[in-house]
Structures are given as structure tokens and as C-alpha cells.
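K.L.:
The structure follows.
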Amino acid sequence: MHAWPASEVPALPGQGRDLRIHDTATGGSITLDPGPVARIYVCGITPYDATHIGHAATYNAFDLVQRVWLDTKRQVHYVQNVTDVDDPLLERAERDGVDWTALAEQETELFREDMTALRMLPPRQYIGAVEAIPGIVPLVERLRDLGAAYELEGDTYFSVEADPHFGQVSHLDAAAMRLLSAERGGDPDRPGKKNPLDPMLWSAAREGEPSWDGGSLGRGRPGWHIECVAIALDHLGMGFDVQGGGSDLVFPHHEMGASHAQVLTGEFPMAKAYVHAGMVALHGEKMSKSKGNLVFVSRLRRDGVDPAAIRLALLAHHYRADWEWTDQVLQDAVTRLGHWRAAVSRPDGPSAEALVDEIREALANDLDAPAALAAVDRWTVTQEQQGGTDAGAPGIVSRAVDALLGVAL
Ligand code: 5CA
Ligand code: ZN
């Protein structure tokens, strides 16, 4: 699939900082030391509805990861998937009487437009589940040949007991895993499974559903976790720097993915850091396509909201926090954007050198975007109250805010 166009990232004076980030698997902060090409995989959308603010907040977090790395003069190899065949997508298409491929294409295109408007840097590879099927089938066959997968009424399941590291991403107990599995696409109550948690690797063709050639697995379609593993290993290989997504992906998705990869390669972990963004809520409940309590990025744009203000609203919250979207959050962002734009359009101001350092330090410290915004706020207040004589400063502030925060002033 094609991704979306990249906005330019201005180069900044001085030295970028290495990223320290919270890793769910170890429960602590780690300083990443990527090579000249940092590698990141971020789980993409299931395209059955438009991009909402929760999605945007999660992609904003991983956009900051890229920007911190680019500022250290590294290249970034970023891969993202699109789950363009899965139960919720097929169910929505059926409910609305539309073709599932048309629905997926339409919502993916809208996502691209939203990401472009929000200045999210695109992945180098943007890969749909359907186009990944030829790479998924041999992985499932290999898991089966290794004794880590078994057949149940034509479907193929992964056996979690085949992985000695199982549980090392989420550290949840069996009861909690079982509850989350039922909530998030698993089928713990299906009779005949070796372990209730075992996830589907390949689902046999069902009447009225799309299916593909699965070689020795028979016709069918891929399971969700193996999709991301196949795409990540194909393009990034084992031991890449960051796997990212919202905190609702910790279990089962990232746990199962780590497990599949561990059994396939004998290596652990698949990603050096498992990084998870908090959940954005609306009216007290997690914003979710299945509940329908959504604020769409495209709707806000259509209503004339500046995408830079949406981006500032996201940045005003620490990526690991759960937070609530309100009209006030957006209003505060619009006000801040106005102050910042006025500040960088003045002919001079206080030196921006210390500010650039502060933004870098804030982001390197587990992506503390709210601290970065506070530093820019302080510079604008000093400029307003005390003025300044540095004619280059407003330009540097504008470039730093663009390069490090993705906000065009
Ligand atoms: N296609 C899979 C990942 S392979 C998927 O989870 N798709 S999704 O469309 O449901 O979500 C896309 C991303 O947005 C995921 O990283 C998910 O964790 C994140 N996300 C979903 N809802 C929210 C929310 N309310 N707040 C923050 N992030 C969210
Ligand atoms: Zn995924």
C-alpha cells in the first residue's frame, strides 16, 4: 500500500538527545541505543471507521519517537500495518451492506488524509494484512512444524505453552489474560483448545467470508497477531528498537506477537522496547469504534479546526496518561497556538538556544511533550514581557516546534 506524503523536518542547531523511554515488558525506563538506522513498528488501524482522537494520540506518541531519532541525525525505518481484513471490519461491512474492501480502502484513505493534516511522518512501508498473506502462511506452517501450532476443526491455533517467555510483555496472571482475551478478539471459551488463551493463527474459510490460499493450511484468512509479526519480521527483522501501540494492545496483541516471534526465531525479545500510549476517553469512557463515543479528526477538520491545534491538544497530555477529550482541551490548544504564532511572527525575542535544549531534554525524557509545551510557553511569555534582541530567535523557535513537535506555526 502507499503511505502518505512526508512533511519536511527542519534541521536544528546543536545536538539531539538519545531517547529514554518506558518499556512495558521490563516495567522500567530504558535508554535506546539504535544504530544509524533506528527501527520501529507501530500497529496501524483496522479501517472500518474514521480516525478518532484516540488513534491520533497514539500515532502522535510514535511520531515524537521518530522526531527525537531524526534530531540525533539517525535515519528511521518505520513500518506500520493496516488490518484490512478482520472480524470487526467484515461485521461493519455486513451491517452497513457495503463491500468490505471498499470500506477498508475508503477509511484507509481518510486515515492518510488525517495523518497528513496532522503532520505525522509516514512509515517507509505501509502494509495491509491482505498483501502480507503470502508471508504469513509459511510462518504459520513453520509454527505448526515446530509443534507450536495445532488444528481445531480446520482452524489453526498457536499454543502459548510452546513459549517459555509467554507473559513477559504484559506480566498478567492467567485470569486477567482470560478476561482480556475474551474482550479483545480472542475465543477463550471455544471447546477443544489446548489452552483457553491460545490465539488463532489461520482461520479456515467460512461461508460468505473472504478467503485466500493457505497452502497446507487450506483456504482461509490470517489471525491478527501473526499479521503484525510477519510484517515486522519481513521488513525490520528481530530485535528492532520499538514496537508501539495503545495500551489496549499490551494483551493479547503484543504478548502473542512476542510469543510467535520467539518460537519462530528462538530469540527474545522481538522489540527492545514495548511502548504503549494511554487511552483517550470521551464522556468518561474509552473512545472506541465499537462503543461509538468518538470524536473524528476528519470531522474537526471539516468544522474548520486547524490541524495544528488538534496536534497541540494531543501534545498537552503525556502519552502514557489516560485522558479525556473535552471542548476545553481543544479550546486551550487553539489559544496556545494563537500565542505561539504571534510570538514567532515578531521580529526578535530572547535567545532560543536554551529553549531548544529544553524541548530536546523533555522529549528525550520519556516523550514528555507537556514539559516541552511549557518550555515554549515560557519563552513566549518572556518575549512578551521583557522582549529580546535576538533577530534569529523566532525563526529557530518555529523550526524547533516544527521539527520536534510536528506543529507548523
Ligand atoms: N489494527 C489493530 C492493530 S494491529 C488495531 O488495534 N486497530 S485500531 O484501529 O483498533 O487501533 C489503532 C491504534 O489506535 C492502536 O494502537 C490502538 O491501541 C489505538 N487506540 C484505539 N483506541 C484508542 C483510544 N481510545 N485512545 C488511544 N489509542 C487508541
Ligand atoms: Zn498490530
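K.L.:
Would you mind checking segment 217-260 for residues with the amide N under 19 Å from a putative spin-label position 7 Å along Cα→C-beta of residue 75?
P.N.:
232-242, by backbone N distance to the label point.
K.L.:
Something else: Less than 22 Å apart at the alpha-carbon level, and either on another chain or at least 8 residues along: which lysines does that give for residue 194?
P.N.:
none
K.L.:
Same structure again: Under the rule of at least 5 residues apart or a separate chain, name every residue whose amide H is placed under 5 Å from the amide H of residue 127.
P.N.:
80, 81, 82
K.L.:
Subtract the Cα-Cα distance of residue 153 and residue 391 from 0.36 nm times their separation in residues, and report this length gain in nm to one decimal.
P.N.:
Values: separation 238, 0.36 × 238 = 85.68 nm, distance 7.25 nm.
Result: 78.4 nm gained on full extension.
K.L.:
Using a 1.4 angstrom probe on the protein heavy atoms only, could you order 116, 389 from most to least accessible area? Mind dumping the intermediate values first?
P.N.:
On the way: 116 55, 389 130 Å².
Final ranking, largest accessible area leading: 389, 116.
K.L.:
If a/c stays under 1.5 just call it rounded; otherwise compare a/b with b/c (prolate if a/b is bigger, oblate if not). Do that for segment 192-279, with a ≥ b ≥ c from the square roots of the Cα gyration tensor eigenvalues.
P.N.:
On the way: a/c = 1.89, a/b = 1.62, b/c = 1.17.
Cα axes put segment 192-279 in the prolate bin.
K.L.:
What does the accessible area per residue of segment 20-286 come to in Å², with a 1.4 Å probe and no ligands, DNA or RNA counted?
P.N.:
On the way: 9950 Å² over 267 residues.
Here the residues of segment 20-286 average 37 Å² of exposed surface.
K.L.:
Within segment 10-41, whose backbone N sits under 19 Å from a point 7 Å along Cα→Cβ of residue 378?
P.N.:
15, 17
K.L.:
Sticking with this structure for a sec: Using the Karplus curve 6.51 cos²θ - 1.76 cosθ + 1.60 with θ = phi - 60°, work out ³J(HN,Hα) for each residue of segment 106-113 in order, rounded to whole Hz, and write x for Gly and Pro.
P.N.:
5, 6, 5, 5, 5, 4, 4, 5
K.L.:
Nearest 10 degrees, 0 to 90: what angle lies between the long axis of helix 129-145 and the longest principal axis of the chain (Cα atoms)?
P.N.:
Around 50 degrees separate the two axes.
K.L.:
Moving to a separate point now. For residue 324, which sequence-distant residues (separation of 5 or more, or a different chain) have an amide H within less than 5 Å of its own amide H, given hydrogens modelled in the peptide plane?
P.N.:
281
K.L.:
Residue 205 versus residue 318, label points 7 Å from Cα toward the beta carbon: distance in nm?
P.N.:
5.2 nm
K.L.:
Average the reciprocal distances over every distinct pair of alpha-carbons in segment 294-409, invert the result, and give the Kirkwood radius in Å.
P.N.:
On the way: mean 1/r = 0.0683 Å⁻¹.
Final number for the Kirkwood radius of segment 294-409 is 14.6 Å.
K.L.:
Using +1 on the beta carbon of Lys and Arg, -1 on that of Asp and Glu, and nothing else charged, what's the dipole of the chain about the Cα centre, debye to 20?
P.N.:
Values: 36 positive and 59 negative charges, 147 e Å.
Using only the charged Cβ atoms, the result is roughly 700 debye.
K.L.:
Just to confirm my numbers, what's the Cα centroid distance between segment 108-161 and segment 1-66 in Å?
P.N.:
Each part reduced to its Cα centre gives a spacing of 20 Å.
K.L.:
Can you tell me how much longer the chain between residue 7 and residue 131 gets when fully stretched, taken as 0.36 nm per residue apart minus their C-alpha distance, in nm with one decimal? Present the calculation step by step, with values, prior to reporting the outcome.
P.N.:
Working: separation 124, 0.36 × 124 = 44.64 nm, distance 2.66 nm.
Net length gain for the segment: 42.0 nm.
K.L.:
Can you figure out the FRET efficiency of residue 172 with residue 303, using R₀ = 45 Å and their beta-carbon distance, to the nearest 0.05? Provide the component values of the computation, followed by the final result.
P.N.:
Numbers: r = 40 Å, r/R0 = 0.89.
With R0 = 45 Å, the Cβ-Cβ based efficiency is 0.65.
K.L.:
Which value results when the Cα radius of gyration for the chain is divided by 2.2 N^0.38 Å? Don't jump to the answer; show the numbers that get you there.
P.N.:
Numbers: Rg = 22.2 Å, N = 409, 2.2 N^0.38 = 21.6 Å.
The value comes to 1.03.
K.L.:
Using mean Cβ contacts within 10 Å as the protection proxy, how do 76-89, 300-313 order, highest first? Provide the component values of the computation, followed by the final result.
P.N.:
Working: 76-89: 21.5, 300-313: 17.9.
The packing order, highest mean first, is 76-89, 300-313.
The values are calculated or read from the model by the stated rules, or taken from the named source; none is laboratory data. Quick caveat: nothing in here was measured; it's all calculated off a predicted structure. Glycine also receives a Cβ, built like all others from the backbone with ideal geometry; neighbour counts cover every protein chain displayed. Accessible surface areas use protein heavy atoms only, side chains included; no ligands, DNA or RNA. Shrake-Rupley method; radii C 1.70, N 1.55, O 1.52, S 1.80 Å.
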